[in-house]
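The next block holds one structure in the form of structure tokens; read it before the comments.
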Amino acid sequence: MVAELVFKELSFKIYGGLFAVHNELTRYCKEKQYGDLLEKKFKELGIPYKREVKIGNTGNIADFIVEDKIVLELKAKPVIIKDDYYQLQRYLQSLNLKLGLLINFRSKYL
């Protein structure tokens, strides 16, 4: 049985923007700089998004919600930890969405 990818085409577009941002800024910028350039790339690519979205009354803010389908959480730190994953899980549950992307621009594997 082959699993279906969720929002395949949209995910590929998003990753295209993410790779463009990473190639331009490399690994040593701040999260806000990555977010600002990614916002510019989304506009160029015609990808509808919302930035810095408040999640209910929790006080939490998602970095991006793309096409009201995908939560995109950006990080710029040496290592992603369980709490980062749990944060994204809470966002998905609160927003009733199926897909979240946790992106660490400091990772040497992006």
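Residues whose amide H falls under 5 Å from that of Glu67, counting only those 5 or more places apart or on a different chain, are Tyr49, Lys50, with hydrogens built in the peptide plane. A simple spin-label model places the labels of Lys30 and Ile61 1.3 nm from each other, with each point 7 Å out along Cα-to-Cβ. Kirkwood's formula applied to the C-alpha pairs of region 65-110 gives a hydrodynamic radius of 11.0 angstrom. Each stretch of four or more DSSP H residues adds -39500 (n - 2.57); spread over every residue of the chain, this sum gives -14000 deg cm²/dmol at 222 nm.
Taking Asp83, Asp68, Asp36 as the candidate residues, the one with maximal mean-square fluctuation in a Gaussian network model of the chain, Cα springs under 10 Å, is Asp83. Considering only the Cα atoms of the chain, their convex hull presents on average a projected area of 7.4 nm². For trypsin sites (Lys or Arg not before Pro), the sites in region 73-109 that DSSP calls loop and that have at most 14 other Cβ atoms within 10 Å are Lys98, Lys108.
Accessible surface for the chain, divided over its residues, is 64 Å² per residue with a 1.4 Å probe.
The value of relative contact order for region 17-110, using C-alpha pairs under 8 Å at least six residues apart, is 27 percent.
In loop segments of region 25-110 as defined by DSSP, the chymotrypsin sites (Phe, Trp or Tyr not before Pro) with at most 16 further C-beta atoms inside 10 Å of their C-beta are Tyr28, Tyr109.
For region 1-61, which trypsin sites (Lys or Arg not before Pro) pass both filters: DSSP loop (anything but H, G, I, E, B) and at most 11 other C-beta atoms within 10 Å?
Filter output for region 1-61: Lys30.
As a calculated quantity, the FRET efficiency between Asp83 and Arg51 at R0 = 22 Å, using C-beta atoms, amounts to about 0.50.
The values are calculated or read from the model by the stated rules, or taken from the named source; none is laboratory data. Remember, it's a predicted structure, so these values are computed and weren't measured experimentally. Backbone-built Cβ (ideal geometry, glycine too); neighbour counts: all protein chains shown. Note: areas computed on protein heavy atoms with side chains; ligands, DNA, RNA excluded. Shrake-Rupley method; radii C 1.70, N 1.55, O 1.52, S 1.80 Å.
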